[in-house]
Amino acid sequence: TSDGTLGITSTGTVVIEVTVGDLVRISGLVPMTGNTYTPGSAVTDSTPACIYRNGSADYEITATSSNGAGTNFFLTDTTNTVIYDVTFDDGSGATNLDNGVTESTFTGANQTADDCSAGPGGAATIAVSIPETDATFNGLAEVPAATYSDELTIVVAPR
């Protein structure tokens with residue numbers, strides 16, 4: 001930056017600078033509701049997810065359950081709990097997630113459009129599996145009739 005000198009005309013200059021942070025976005029999620037337990041099988045469901053990053057295509061995921069305890073995810077009817085499993089697939093294979101534990105092995109984020117509407121990459125899947133029985137915690141066949149729910153929070157961060 002420099003000031004001009006006194007004269008018929010005067011010219012000054014100014015430096016302009018903008019910093020763009022390493023940004024990520026998860027979008028395109030759909031609710032996993034309306035599932036009904038049928039004796040003899042687990043309940044499974046999934047949602048697509050768009051993962052965008054303006055830096056490299058590498059990112060990490062942390063999933064947390066609003067009813068979680070330790071590394072376990074739980075559904076609840078406010079009295080009883082049912083354990084469930086969560087996997088995240090970035091297109092190169094599913095990875096089991098633990099409640100509150102960061103997994104930093106993911107690649108392939110979309111680097112063109114933050115809603116994955118253009119450019120390659122970003123297509124991921126979050127899947128849940130709710131077992132019929134469990135050796136340690138309650139499965140679906142081991143709890144009274146009720147509606148069991150949870151809110152799963154997925155945090156995406158640059159890696």
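Of all residues in segment 102-129, those satisfying the criterion of being more than 20 Å from Thr153 (Cβ to Cβ), among the small types (Gly, Ala, Ser) and in contact (Cβ under 8 Å) with a residue 12 or more places away in the chain are Gly108, Ala113, Gly121, Ala123. May I ask you to verify whether Thr125 is polar (S, T, N, Q) and over 22 Å from the mean Cα position of the chain (by Cα)? In short, no. Give me the residue from segment 143-157 that is open to solvent by 50 Å² or more (accessible area, probe 1.4 Å) and in contact (Cβ under 8 Å) with a residue 60 or more places away in the chain and, out of that set, nearest to Thr33 (Cα to Cα). The selected residue is Ser149. Consider Gly55 carefully, then state whether it is of a type outside the set (Asp, Glu), surrounded by 15 or more Cβ atoms within 10 Å (Cβ to Cβ) and part of a loop (DSSP other than H, G, I, E, B). The answer is yes for Gly55. The residue that is most open to solvent (accessible area, probe 1.4 Å), among those in segment 65-78 that are in contact (Cβ under 8 Å) with a residue 12 or more places away in the chain and among the β-branched types (Val, Ile, Thr), is Thr71.
If you go through segment 130-140 and keep only what is over 18 Å from Asp45 (Cβ atoms) and touching a residue at least 12 places away in the same chain (Cβ under 8 Å), you end up with Thr136, Phe137, Asn138.
Restricting attention to segment 82-99, the residues being of a type in the set (Val, Ile, Thr), without any contact (Cβ under 8 Å) to a residue 60 or more places away in the chain and within 17 Å of Asp134 (Cα to Cα) number 1. Here Gly108 fulfils each of the conditions (1) over 22 Å from Glu151 (Cβ atoms); (2) over 19 Å from the mean Cα position of the chain (by Cα) apart from (2). I'd like to know if segment 3-25 contains one or more residues that are over 30 Å from Ala145 (Cα atoms), in contact with a Cys (Cβ under 6 Å, 6 or more places away or on another chain) and modelled with pLDDT of 95 or more. No; the residues of segment 3-25 include none that is over 30 Å from Ala145 (Cα atoms), in contact with a Cys (Cβ under 6 Å, 6 or more places away or on another chain) and modelled with pLDDT of 95 or more. In segment 26-52, the qualifying residues are those that are in a strand (DSSP E or B) and polar (S, T, N, Q), and the one that is farthest from the chain's Cα centre (by Cα) is Thr44.
Taken over segment 52-80, the residue count meeting the criterion of being in contact with a Ser or Thr (Cβ under 6 Å, 6 or more places away or on another chain) and acidic (Asp, Glu) is 2.
The values are calculated or read from the model by the stated rules, or taken from the named source; none is laboratory data. Quantities reported herein were computed from a predicted structural model and do not represent experimental measurements. Glycine gets a Cβ as well: all are built from the backbone with ideal geometry, and neighbour counts include every protein chain shown. These area figures cover heavy atoms from the full protein model, side chains too; ligands, DNA and RNA do not enter into them. Shrake-Rupley method; radii C 1.70, N 1.55, O 1.52, S 1.80 Å.
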